[in-house]
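Comments concern the structure below.
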Amino acid sequence: MAPHPIPAPESSGSTATTGVPLYWCTYGRRGAQRALVLHGGPGAHHDYLLPQLLRVADLAGGHELVFYDQRGGGRSRTDARDPITWRTHVEDVGAVLREFALEAPIVIGYSWGALLAMLYAAESAKNPEWPRPRALCLIDPAPISRAHRIAFETDFARRQASADVVRLREQLAASGLRERDPEAYRQRNFELSVAGYFAHPERATDLTPFRVNARLQQSVWDSLGEFDLAHDGTLGSIDVPALITHGRQDPIPLASSEEAARAMDAELVVIEDCGHVPYVEQPDALFTAVERFLTSHSR
């Protein structure tokens with residue numbers, strides 16, 4: 001199935017105050033409260049969250065959503081040879097917020113973007129010139145420790161090699177779709193490459209394809225080292241309201257989000273019959289929780 005078309009943004013451009021230009025775009029009603037949305041990866045780009053995540057623009061009285069492609073991915077690719085680290089991304093978040101004059105912003109992060117939001121919130125508490133978030137909306141955060149990341153990688157590899165995914169790949173190979181409709185074949189092939197993220201792999205449909213800059217992704221994870229944000233004081237230093245949602249069947253361990261919620265005194269909503277992609281798998285459950293949280297913490 002081809003993904004739903006992505007509407008044109010209300011506005012777009014490139015940042016002028018970051019170390020390299022970063023592509024940005026906005027969706028939603030101009031003049032509404034703005035929220036910054038951080039995509040996953042690292043090394044991916046914003047548009048794979050679309051169009052489904054645009055539903056947030058209509059929640060809790062309406063929001064204008066600001067997206068940007070993080071440094072090194074999507075339309076923000078760079079030829080600079082300096083390594084891109086988690087600190088690079090944190091500094092970019094601060095620069096984007098200042099450039100858009102987003103004071104006390106709501107920050108919405110998905111997967112790696114949720115982890116980036118946590119890292120930014122902790123660092124902003126130490127940097128008075130950086131805008132401090134009003135609230136954090138964290139959707140299926142990436143693992144908060146090296147141990148949880150290893151557990152995720154192991155489980156995801158197991159799922160990708162499961163009988164269900166193998167069967168779906170065999171069906172695609174035998175379908176003749178590659179010769180009959182190459183574009184549809186590429187779409188389905190991509191969906192099966194991420195099917196292990198889903199509670200039910202056959203439901204990995206209607207996805208906007210994306211590419212990950214693998215070298216950049218490795219650079220960022222390497223820069224975190226043997227990280228454990230719940231036990232090194234990072235998450236405990238965050239004193240802003242936060243919502244964490246996590247799919248019960250996400251290959252990222254639920255224990256990771258449980259530890260994060262305890263450390264941050266955050267609300268945790270576990271979404272049943274859902275993997276890592278709740279905006280596709282269980283959108284009503286996800287957006288009901290997000291709307292309730294935004295209603296409480298929007299201006």
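The values are calculated or read from the model by the stated rules, or taken from the named source; none is laboratory data. Because the structure is predicted, anything quoted here is derived from the model rather than measured. Cβ coordinates were reconstructed from backbone atoms using ideal geometry, including for glycine residues, and neighbour counts include every protein chain displayed.
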| helices (runs of 4 or more DSSP H) wholly in segment 191-294 with at least 3 residues that are of a type in the set (A, V, I, L, M) - which ones? | 214-224, 254-264
| remark: Quick count over segment 43-59, residues being within 9 Å of the chain's Cα centre (by Cα) and of a type outside the set (A, V, I, L, M, F, W, C), is 1
| query | Restricting attention to segment 190-210, does a residue exist that is of a type in the set (Lys, Arg) and within 18 Å of the chain's Cα centre (by Cα)? | reply | no
| message | Residues that are among the hydrophobic types (A, V, I, L, M, F, W, C): list the strands (runs of 3 or more DSSP E) wholly contained in segment 1-44 that include at least 2 such residues. | response | 23-28, 33-38
| task | Assess whether Ile244 counts as being assigned by TED's automatic domain parsing to the domain that holds Gly41, in contact with a Phe, Trp or Tyr (Cβ under 9 Å, 6 or more places away or on another chain), within 16 Å of Asp140 (Cβ to Cβ) and surrounded by 15 or more Cβ atoms within 10 Å (Cβ to Cβ). | result | no
| task | Check whether at least one residue in segment 112-129 is buried (at least 21 other Cβ atoms within 10 Å of the Cβ), of a type in the set (A, V, I, L, M, F, W, C), within 20 Å of Gln282 (Cα to Cα) and at pLDDT 95 or above, and report yes or no. | result | yes
| remark: When segment 254-278 is checked residue by residue, the ones that are closer than 14 Å to Ile139 by Cβ, surrounded by 21 or more Cβ atoms within 10 Å (Cβ to Cβ) and of a type outside the set (Gly, Ala, Ser) are Ile271, Cys274, His276, Val277, Pro278
